[in-house]
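So the structure is just underneath, and the comments pick up after that.
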Amino acid sequence: MMAALLLYAYSVGVPSSRKIEKRCHEDVAFRVIAGNTQPDHTCISEFRRIHLEALAGLYLQILRLCQEAGLVKLGHVALDGTKQKASASKHKAMSYERMQEREDQLQARVEELLRAAEAADAEDDRAYGKGRRGDELPAELQRAEGRRLRIRELREKLETEAKAQAKAKQEDDSDDDQPPAGSTPLPSHRIPADSSGTPDPKAQRNFTDGDSRIMKTNDGFIQGYNCQAAVDEAHQIIVAHAVTNQPPDVEHFIPMMEQVANNCGKMPHSSSADAGYFSEANAEWALNQGINAHIATGRRKHDELAPTVRGRPRRDMTLKEMMARKLSTKAGAKVYSRRKVIAEPPFGQIKQARGFRQFLLRGLAKVRGEWSLISLTHNLLKLHSAYPRLALT
């Protein structure tokens, strides 16, 4: 019952546990699913937290149902990403350089407060009242010390991850049998650092959600995550999804196509993606996999016409030049023009129609689970809308 309640709530854009509890009192559909009971919001939240991995695992089951219903064709799969707000404010982020400065300032403040408390020992009874030991930390000291410890925790975590990243890079560089670039997903926590593993002074961490990052969008900068979706052309079914805290999209092309094959049993015939996904490694991989890839090599203005293709292609053309030429042909331009009407509508339906503009959960692992819930309920809605037509056939 709780699983059904959560799936329905996410489908209709009500992910908040408190709002779900309220709907169980006021909304007929919610009351029917809950058997005319009203689960407490804490119970709903705890159920989601404890069983998030199992709930996210329902994604593949829903996708299988969509395949059995004939809603997945894999003729053309378009890839796109969107930046989604984290459950954290960008004003709660602090750079590595600022962490060091602030920690020193707070340490000095803590020492000053301790000296003041020690000097006031003679007035304990009057200052703290009868029945108090007199050695409790003042509220101001508690706040300063707590913030200093949190800053130290984040700084040490940043340093540890940066050193581990530098060590992994050295091992990769020394491995002669390492896989081709881009053949495996890149680390989710790539940290700006020097060769010794010392974080860059501008490397940041957020106090509320330490895994989220500052990301640029069309509307400015947000504290959030980079959410990916591979969408099938036939009925806009999401056939692969991912979440990372790194802004670039280029590293996701190969892992997402591999996930499509793992989820659906085969590679798509054609694929399309915008310029953010292009690299020669990605183009070469798609060619080797037999995928007719259409990846933009650069951005054009809306009123800028594509260059005219004449004659045969040169034999010395690079992969980038070959891809640009393909997209300039009538056939290539026709396929690529479908990208925006395949990949972008699901994000509009998720964000605008269902109102998912910010994650409720914190931490990369939990956010990935929540994005799975959002993706599977998107597919469930597509399956539901197609059911009357499928029943007739």
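Just so you know, all these numbers are worked out from the coordinates, no wet-lab data involved. Please read these numbers as outputs of a predicted model, since none were measured by experiment. Counting neighbours? That spans all protein chains shown, and the Cβs are built from the backbone with ideal geometry, glycine included.
Hey, for a label at ARG299 modelled as a point 7 Å past Cα toward Cβ, could you say which residues of the range 249-290 have their backbone N under 11 Å away? Answer for this model: 275-276. Backbone geometry of the range 291-299 corresponds, through the Karplus equation with coefficients 6.51, -1.76 and 1.60 at θ = phi - 60°, to 3J(HN,Hα) couplings of 8, 7, 7, 10, 10, 4, 9, x, 9 Hz, x marking Gly and Pro. Our note on the geometry: Cα centres of the range 336-376 and the range 43-84, 11 Å apart. Apply 1/(1 + (r/R0)^6) to the Cβ-Cβ distance of GLU284 and ALA3, taking R0 = 30 Å, and write down the FRET efficiency to the nearest 0.05. The calculated FRET efficiency here is 0.10. For the range 1-50, a/c is less than 1.5, where a ≥ b ≥ c are the root eigenvalues of the C-alpha gyration tensor. That puts it in the rounded class. Pairs spanning more than 29 Å between alpha-carbon atoms, out of LYS301/LYS351; LYS216/LYS266; LYS216/LYS301: LYS216/LYS266.
Extension gain, ALA333 to LYS22: 0.36 nm times the residue separation minus the Cα-Cα distance gives 107.0 nm.
If each residue's Cβ is checked for other Cβ atoms within 10 Å, how do VAL28, VAL231 rank with the fewest at the top?
On the way: VAL28 8, VAL231 25.
By the 10 Å Cβ count, ascending: VAL28, VAL231.
Spacing of the modelled spin labels on GLN349 and ARG325, each 7 Å from Cα toward Cβ, amounts to 3.8 nm.
Coupling constants for the range 40-57 follow from the phi torsions by the Karplus curve (6.51 cos²θ - 1.76 cosθ + 1.60, θ = phi - 60°), and in residue order they are 5, 4, 5, 5, 5, 5, 5, 4, 5, 5, 5, 10, 4, 5, 5, 5, 5, x Hz; glycine and proline get x.
Rounded to the nearest 0.05, the FRET efficiency derived from the C-beta distance between ILE214 and ARG312 at R0 = 45 Å is 0.45.
Name the residues whose placed amide hydrogens come within less than 5 Å of the amide hydrogen of ARG213, ignoring near sequence neighbours (fewer than 5 apart) on the same chain. Those lying under 5 Å, H to H, from ARG213 are GLY224.
Listed by chain and number, the lysines whose C-alpha is less than 19 Å from the C-alpha of LYS163, apart from same-chain residues fewer than 8 away, are LYS202.
Subtracting the Cα-Cα distance of ASN292 and CYS43 from 0.36 nm times their residue separation leaves 84.8 nm of extension gain.
Along the range 72-79 the Karplus relation, 6.51 cos²θ - 1.76 cosθ + 1.60 evaluated at θ = phi - 60°, assigns HN-Hα couplings of 10, 10, 6, x, 8, 10, 9, 10 Hz to successive residues, with x for each Gly and Pro.
How much FRET efficiency would the formula 1/(1 + (r/R0)^6) give for ALA29 and LYS266, where r is the Cβ-Cβ distance and R0 is 45 Å, rounded to 0.05? All intermediate terms of the calculation are to be shown ahead of the outcome.
Numbers: r = 38 Å, r/R0 = 0.84.
The formula returns an efficiency of 0.75 here.
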